[in-house]
Amino acid sequence: MVIPLLLLLCGPLGGLLGGTAFAISDELLLSRLQVQVVEHRFDNGLRLVVQTDRRAPLVAMHLQTAAGASWDVGGPGWSEAAGMAHLVEHLLYAGSERTPHGSYDGLLAAAGAETNAWTEHHAMALTALVPVEALDLLLELEADRMAGLSAPAVAARLDLERQVVAQERGIEREGPGGLDSLALRTLSFAPGHPERHSVLGSQAELERVSAEDVLAFHAAAFAPSSCVLVLVGDLDPALAIESVGRTLGAVPSRAGWEGPATGPEAVRPAAATHYDDIGGTTLYASWPLPPAQHPSAAAAHLLADLLGQQDQGVLGQARRRGRIERHSAWVELTPGGGRLLVQLRSRKGEAERLRRLLDRAVAELHEQPLPPERLSAVTARWRSWAARVGQDPQDQAETLARCAVETAEPTCFADHVGRHLEVPEAEIQAAARAVLDPQERVLLVVLAPGQGARSLDGAPRLDPSELR
Ligand SMILES: [Zn+2]
């Protein structure tokens with residue numbers, strides 16, 4: 001299973017509030033996000049984070065490794081194959097020496113547990129929601145597969161899982177716009193960059209993956225020291241540390257891997273055209289973002305919220321007047337900073353008109369003072385988003401794990417939200433000038449073939465064989 005690059009640590013997928021009048025409620029909101037956790041590191045290097053939440057007799061588990069599709073470029077014991085991390089995720093269910101194929105799912109389903117797994121470029125996660133009495137069973141099964149997969153079991157399942165991945169790739173890519181994000185990725189990163197390929201990868205490359213490659217990847221990715229385990233639910237932290245100590249905390253330590261060097265920077269400035277049967281024209285723009293720790297990162301992230309506003313600003317007004325069919329803006333965060341992306345879509349095939357509109361929207365942020373109501377509309381959405389966080393123990397476990405991995409501080413979330421609520425208007429303009437720089441921008445035009453629509457000048461066709 002694959003989910004798109006999560007926007008989790010960057011805010012709501014999107015009135016007139018005065019700063020001081022709401023300071024108290026912001027304080028309350030942020031203090032509610034500042035949850036109590038107990039942390040423990042086991043001798044094998046595994047980090048554990050526990051939060052007690054007694055609302056239901058359940059425990060949410062989130063086991064995250066720093067390994068992801070960026071490791072597909074090759075590492076100690078395996079060679080490059082786009083899609084390897086995700087294939088390894090599938091083969092985590094192949095079975096170990098002690099647990100034959102099918103037992104993991106069968107035993108946990110019989111105990112009333114729900115389980116899942118996902119892979120991104122910089123993370124892979126195993127998740128579960130279990131009745132509290134099934135926690136020990138879950139931890140035993142996770143410890144068993146963390147300790148090692150069985151080579152014969154992996155070899156026996158490898159071809160089958162390759163076919164399952166081929167089906168997943170077909171589903172992901174077949175619909176309109178199914179290749180857009182991959183085309184944009186291919187354009188934004190230089191050849192050899194560990195984020196240039198898709199998580200699902202290339203079938204031709206996956207055909208070359210052997211059981212030995214899978215075992216080597218798994219050994220490094222799920223070395224206890226590469227993992228953070230988060231438990232949220234109806235449990236006592238001291239008892240949880242004991243239970244984990246008997247299971248995952250007792251897996252012998254082994255060498256992990258630091259992951260690939262970041263590789264060459266994005267190819268830029270660049271523009272390209274990609275053809276897809278979408279019945280209109282789409283323009284994407286992408287800019288690199290500063291690292292999350294950078295003082296201007298929060299202001300930079302708010303630029304996406306502002307550009308995505310549906311009824312304010314140049315783009316919101318153009319949409320209201322029917323000059324564009326729709327638009328959106330979002331951020332994709334990575335350890336190096338990530339990217340800010342904007343999408344504009346029109347039924348009429350005029351790529352140059354969309355570019356002029358985008359240029360005007362950027363110029364507005366560069367040159368004009370930000371109307372206070374635009375900023376307060378954005379922060380109001382952050383508040384309502386933050387107010388919902390923590391309601392679901394599985395979301396909460398994921399939030400704690402991402403914070404633990406990305407900032408070493410599992411409860412970074414309250415600070416993170418707080419920084420986005422207190423950005424002064426003047427900083428937005430400075431961030432717009434620093435981030436929304438035409439020299440750093442990548443543009444992708446997606447056109448329906450055979451409709452006579454024109455792309456941008458100087459935007460050659462993207463070679464489809466490069467998409468992997
Ligand atoms: Zn999958």
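The values are calculated or read from the model by the stated rules, or taken from the named source; none is laboratory data. These numbers come from a predicted model, not from an experiment. Note that we place each Cβ from the backbone using ideal geometry, even for glycine, and neighbour counts take in every protein chain shown.
A few points about this structure:
- Looking across the range 375-403 at every residue that is in contact with a Gly (Cβ under 8 Å, 6 or more places away or on another chain) and surrounded by fewer than 19 Cβ atoms within 10 Å (Cβ to Cβ), the one that is farthest from residue 302 (Cα to Cα) is identified as 385.
- Extreme residue, nearest to the ligand (Cβ to nearest atom), among residues of the range 123-166 that are among the aliphatic types (A, V, I, L, M) and part of a strand (DSSP E or B): 124
- Filtered residue count, the range 35-68, keeping only those that are of a type in the set (A, V, I, L, M, F, W, C), outside any loop (DSSP other than H, G, I, E, B) and within 16 Å of residue 256 (Cα to Cα): 1
- For the range 239-257, a tally of residues being hydrophobic (A, V, I, L, M, F, W, C), under 17 Å from residue 47 (Cβ atoms) and assigned to a helix (DSSP H, G or I) returns 5.
- Counted residues, the range 220-260 - those being touching a strand residue (DSSP E or B) at 6+ places or on another chain (Cβ under 8 Å) and among the polar types (S, T, N, Q): 1
- Residue within the range 392-414 that is outside any helix (DSSP H, G or I), assigned by TED's automatic domain parsing to the domain that holds residue 315 and small (Gly, Ala, Ser) present: yes
- Taking the numbered list (1) within 16 Å of the ligand (Cβ to nearest atom); (2) farther than 21 Å from residue 395 by Cβ; (3) in a helix (DSSP H, G or I); (4) of a type outside the set (A, V, I, L, M) in turn, residue 106 passes all entries but (1).
- Of all residues in the range 425-463, exactly one satisfies the criterion of being at pLDDT below 85 and either aliphatic (A, V, I, L, M) or assigned by TED's automatic domain parsing to the domain that holds residue 175 (or both), namely 453.
- Taken over the range 183-208, the criterion of being modelled with pLDDT under 95 and not in a loop (DSSP other than H, G, I, E, B) is satisfied by 183, 184, 185, 186, 187, 188.
- All conditions but one from (1) at pLDDT 95 or above; (2) among the aliphatic types (A, V, I, L, M); (3) more than 16 Å from the ligand (Cβ to nearest atom) apply to residue 17; the one that does not is (1).
- Some residue of the range 74-96 being in a helix (DSSP H, G or I), away from the ligand (no atom under 16 Å from the Cβ) and at pLDDT below 95: no
- Cβ-Cβ under 6 Å pairs, at least 6 apart or on other chains, the range 380-395 side within 20 Å of residue 128 (Cβ to Cβ), far side assigned to a loop (DSSP other than H, G, I, E, B) and modelled with pLDDT of 85 or more: 393/53
- Pairing each residue of the range 120-139 that is more than 17 Å from residue 105 (Cα to Cα) with any residue that is polar (S, T, N, Q) and surrounded by 23 or more Cβ atoms within 10 Å (Cβ to Cβ), provided the two are 6+ apart or on different chains, yields C-beta distances under 6 Å for 121/70; 122/70; 123/64; 124/65.
- Scanning the range 190-218 for residues that are hydrophobic (A, V, I, L, M, F, W, C) and surrounded by 21 or more Cβ atoms within 10 Å (Cβ to Cβ) returns 199, 200, 206, 209, 214, 217.
- Hey, residue 45 modelled with pLDDT of 95 or more and within 16 Å of the ligand (Cβ to nearest atom) or not: no
- Residue satisfying condition, being closer than 15 Å to residue 60 by Cα and either at pLDDT below 95 or buried (at least 19 other Cβ atoms within 10 Å of the Cβ) (or both), within set 130, 165, 154: 130
- Residue pairs whose Cβ atoms lie under 8 Å apart, separated by 6 or more positions or on different chains, with the first residue in the range 41-60 and buried (at least 18 other Cβ atoms within 10 Å of the Cβ) and the second part of a strand (DSSP E or B) and among the basic types (Lys, Arg), are 47/41; 48/41.
- Matching residues in the range 167-192 - criterion: being within 14 Å of the ligand (Cβ to nearest atom) and either more than 22 Å from the chain's Cα centre (by Cα) or over 25 Å from residue 282 (Cα atoms) (or both): 167
- Within the range 97-133, restricting attention to residues that are hydroxyl-bearing (Ser, Thr, Tyr) and touching a helix residue (DSSP H, G or I) at 6+ places or on another chain (Cβ under 6 Å), the residue that is farthest from residue 151 (Cα to Cα) is 115.
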